[in-house]
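Notes to accompany the following structure.
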Amino acid sequence: MSHIVQIKTQVRDAAAVEAACRRLGLKMPLRRTAKLFSGEASGLTVELPGWQYPVVIDTGSGRISYDNFGGRWGAQRQFEAFIQSYAVEKARIEARKRGHSVTEQKLPDGSVKLTIELAGGAA
């Protein structure tokens, strides 16, 4: 039996943030206070390609701060790719913790299909 799941993502797992950065070929995130256009934010900072300011993630609250000025200071698709990668990596981490195997398939529309085989062959 298969199930389709849609995930609303809160970014709270530093290991999954690091895995998403590795997946996308980004620098590893640093925990620091970063300057944004209109202030500062503290947390894990992720440098996205072509972005003027970093994305700052407070893993305690799941809050994400960034300023790309409506795409003028960084392409929104870069952020969306990071969030998608985070969600995939977090799902993989949680499935593996439970002893499940995970296969991944990139779909033509850019989405990702994860198939999780339950430990012991149950579906």
Inset, instruction - Would you be so kind as to identify which of Pro54, Met28, Ile116 lies farthest towards the positive end of the dipole of the chain, taking Lys and Arg as +1 and Asp and Glu as -1 on Cβ and the Cα centre as origin? - result: Met28
Inset, instruction - Excluding residues on the same chain fewer than 8 positions from Lys35, give the lysines whose Cα lies under 21 Å from its Cα. - result: Lys27
Legend entry - Where the range 14-117 is the region considered: accessible area per residue in Å², 1.4 Å probe: 58
Inset, instruction - Could you tell me what percent of the accessible area of the chain is made up of carbon and sulfur, with a 1.4 Å probe and every protein chain present? - result: 51
Legend entry - J(HN,Hα) series, the range 101-117, from Karplus relation 6.51 cos²θ - 1.76 cosθ + 1.60, nearest Hz, glycine and proline x: 9, 10, 10, 10, 9, 7, 9, x, 7, x, 6, 10, 9, 9, 10, 10, 8
Inset, instruction - Compute the distance in nm between two label points, each set 7 Å from the Cα along the Cα-to-Cβ direction, one at Glu104 and one at Lys27. - result: 2.3
Legend entry - Sites Leu114 and Gln52, calculated FRET efficiency, Cβ-Cβ separation with R0 30 Å, nearest 0.05: 0.35
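The values are calculated or read from the model by the stated rules, or taken from the named source; none is laboratory data. Values in this document were obtained by computation on a predicted structure and should not be read as measured data. Heads up, the Cβs are rebuilt from the backbone with ideal geometry, glycines too, and the neighbour counts pull from every protein chain shown. Side chains included, ligands, DNA and RNA excluded: accessible areas come from the protein's heavy atoms. Shrake-Rupley method; radii C 1.70, N 1.55, O 1.52, S 1.80 Å.
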